[in-house]
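Have a look at the structure below before the remarks.
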Amino acid sequence: MALPTAFPSDWHPCKECGCVNHAMPSYRFSVTDADGPIADHPDLGKLTRSNDAPTPPEEKTLQGMISESGKRIDTIDVHVLELKVMKQELLQSITRVDKELAELDKERQRLSDSVRERRLLLSTLRRMPKEVLAHIFLHAIIFPFPRTKSLMIYGLWSSFSASRHPLSSFELVSRNWKDVLDTFPNLWSYVNILIERMPSITYAHYVGNQLSRSRQCPLSVSICHSDSGSVTRLGAFPVAILITLFLVSRRVQTLHLCLPGRYFADMQQFHLSFPILQELVLYSSSETSEVTQHLHFNSLPNLRVFHATDVSNIERLSLPWHQITHFTNMHEATGRGLSAHRALSVLKMMPHVSVCRLSLELQSLMTGVEQTTLNKLRSLTLSSVSYQNDTHPPVIHFLLDRLRLPALLDLSVSCLVGSFWRDDAITFTSICQLVERSHCPLTSLYFCEGVIRQDDLIHTHPPGFTTNGCGWRDHRRSP
């Protein structure tokens with residue numbers, strides 16, 4: 001083993017001792033008669049203003065001056081030489097110091113690396129209980145795959161990006177991490193299935209391995225296709241996925257489906273049953289939505305959360321609507337959203353809904369629609385989406401005027417999303433009337449892209465409402 005670096009214990013930078021050679025010489029020069037300007041000399045200055053030869057005494061004086069200055073020049077030359085030698089020695093010393101500094105820096109870096117390596121061996125992560133590691137791993141799981149909009153104007157198509165399952169990499173880190181992944185099967189219960197053009201056996205191997213490691217834990221399953229632009233080239237729904245979904249359907253607690261409409265018809269062939277399903281997310285990525293036409297579920301006694309995007313005729317789905325507590329219906333393509341009167345029809349089917357997000361289509365309004373009371377609705381988010389050449393009147397007020405929400409705490413309204421116009425003042429008036437009619441304990445209100453009348457603004461605040469929970473955005477745009 002190499003010996004540790006030795007440092008001279010008696011060495012330190014010189015801070016000037018009594019030796020005169022340790023002090024940098026300081027020179028002070030004074031002007032004398034012997035070296036001052038000869039023109040200013042009281043006796044010899046006249047010689048500079050004539051061509052007269054100096055007298056013998058003057059010549060002797062001049063010779064003495066020359067001799068004295070010459071001696072001083074010789075003395076200066078000696079000091080100049082000594083200082084040049086000293087400078088050279090200092091430069092050599094600086095070079096040696098730079099070299100030593102480089103060596104010291106190198107050694108310091110080596111020792112720092114050594115300390116860091118040993119500290120890693122003492123890392124808290126190595127001593128963490130398996131339960132804590134499992135909790136950390138759980139937050140590293142991406143579920144479902146993030147959906148990214150393409151560059152098309154209104155996001156008609158979407159695509160998914162997938163990467164290798166992070167847990168597959170974690171178990172290669174150490175035996176302890178692998179033990180954690182084997183001990184907590186719930187870590188493997190988040191199943192992302194990305195349909196691509198690959199052999200059916202590949203699907204079976206990938207999904208089967210993860211499902212076997214999840215043991216009997218409730219499952220969260222997401223099935224989507226890789227590129228909506230290549231739907232026509234994907235072929236039929238992979239049989240291996242359908243069989244797998246059929247075998248584990250009784251363990252599925254959360255189900256996300258982002259598929260072309262015709263794939264839902266393929267799923268229906270297996271008459272799937274999801275007795276413990278609590279959350280259902282549907283996204284139809286084809287140009288024509290066929291979800292409600294082909295997808296029919298058996299009994300869903302535990303379903304509480306339902307989110308849908310671009311699913312036409314959503315009210316025709318065979319769902320236990322009376323059980324739903326969290327409901328979302330959004331649309332990214334024109335013609336697939338809910339009209340105001342259809343939204344009311346859906347809300348009437350959900351007496352227990354507490355959180356609701358709706359994106360309404362700008363369509364012609366109907367008359368004679370009755371008022372609906374939702375006693376448990378606490379949070380309502382409404383938006384109307386405007387596409388090019390839309391000429392329909394505002395729709396949000398139609399929905400608000402026919403609701404009574406006695407438990408409402410949070411209300412968010414965004415008008416004419418994607419448009420350069422503002423909604424009419426009638427929308428905000430309807431908000432005020434809803435709050436007054438419902439006698440609700442509203443604590444948060446957000447309103448944007450609509451005209452607000454001053455009288456409505458004054459009467460917006462119900463009892464217990466604070467301005468900290470209120471926000472509106474009014475961009476002054478001329479029609």
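The values are calculated or read from the model by the stated rules, or taken from the named source; none is laboratory data. Predicted model, so just to flag it, every value in this text is computed and none were measured. Cβ placement follows ideal geometry from the backbone for every residue including glycine, while neighbour counts extend to all protein chains displayed.
Scanning the range 118-130 for residues that are touching a helix residue (DSSP H, G or I) at 6+ places or on another chain (Cβ under 9 Å) and in a helix (DSSP H, G or I) yields a count of 4. The single condition from (1) at pLDDT 85 or above; (2) in the same structural domain as residue 252 (by TED's automatic domain parsing); (3) more than 30 Å from residue 416 (Cβ to Cβ) that residue 293 fails is (1).
Taken over the range 308-326, residues that are assigned to a strand (DSSP E or B) and buried (at least 19 other Cβ atoms within 10 Å of the Cβ) amount to 2.
Annotation for the range 147-163: no member residue is in contact with a helix residue (DSSP H, G or I) (Cβ under 9 Å, 6 or more places away or on another chain), in the same structural domain as residue 281 (by TED's automatic domain parsing), surrounded by 13 or more Cβ atoms within 10 Å (Cβ to Cβ) and at pLDDT 60 or above. Being out of contact with any helix residue (DSSP H, G or I) (no Cβ under 8 Å at 6 or more places or on another chain), free of Cβ contacts under 8 Å to residues at least 24 places away in the same chain and surrounded by 12 or more Cβ atoms within 10 Å (Cβ to Cβ) holds for only one residue in 95, 75, 61, and it is 61.
In the range 296-312, which residues are over 35 Å from the mean Cα position of the chain (by Cα) and modelled with pLDDT under 85?
Within the range 296-312, 296, 297, 298, 299 meet the criteria.
How many residues, within the range 120-146, are farther than 30 Å from residue 282 by Cβ and among the aliphatic types (A, V, I, L, M)?
9
If you go through the range 52-88 and pick out every residue that is among the hydroxyl-bearing types (Ser, Thr, Tyr) and closer than 18 Å to residue 30 by Cα, you end up with 3. Given the condition in the same structural domain as residue 264 (by TED's automatic domain parsing), farther than 21 Å from residue 277 by Cβ and modelled with pLDDT under 75, answer yes or no: does some residue in the range 166-180 qualify? No, the conditions are met nowhere in the range 166-180. Is it true that residue 47 is hydrophobic (A, V, I, L, M, F, W, C), under 30 Å from residue 190 (Cα atoms), part of a helix (DSSP H, G or I) and not assigned by TED's automatic domain parsing to the domain that holds residue 172? For residue 47, the condition - hydrophobic (A, V, I, L, M, F, W, C), under 30 Å from residue 190 (Cα atoms), part of a helix (DSSP H, G or I) and not assigned by TED's automatic domain parsing to the domain that holds residue 172 - is not met. For the range 36-58, a residue qualifies if it is among the polar types (S, T, N, Q) and loosely packed, with under 10 Cβ neighbours inside 10 Å, and the qualifying residues are 50, 51.
A quick yes/no check of all residues on (1) crowded, with 21+ Cβ neighbours inside 10 Å; (2) of a type in the set (Phe, Trp, Tyr):
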residue	(1), (2)
245	yes, no
249	no, no
258	yes, no
264	yes, yes
269	no, no
277	yes, no
280	yes, no
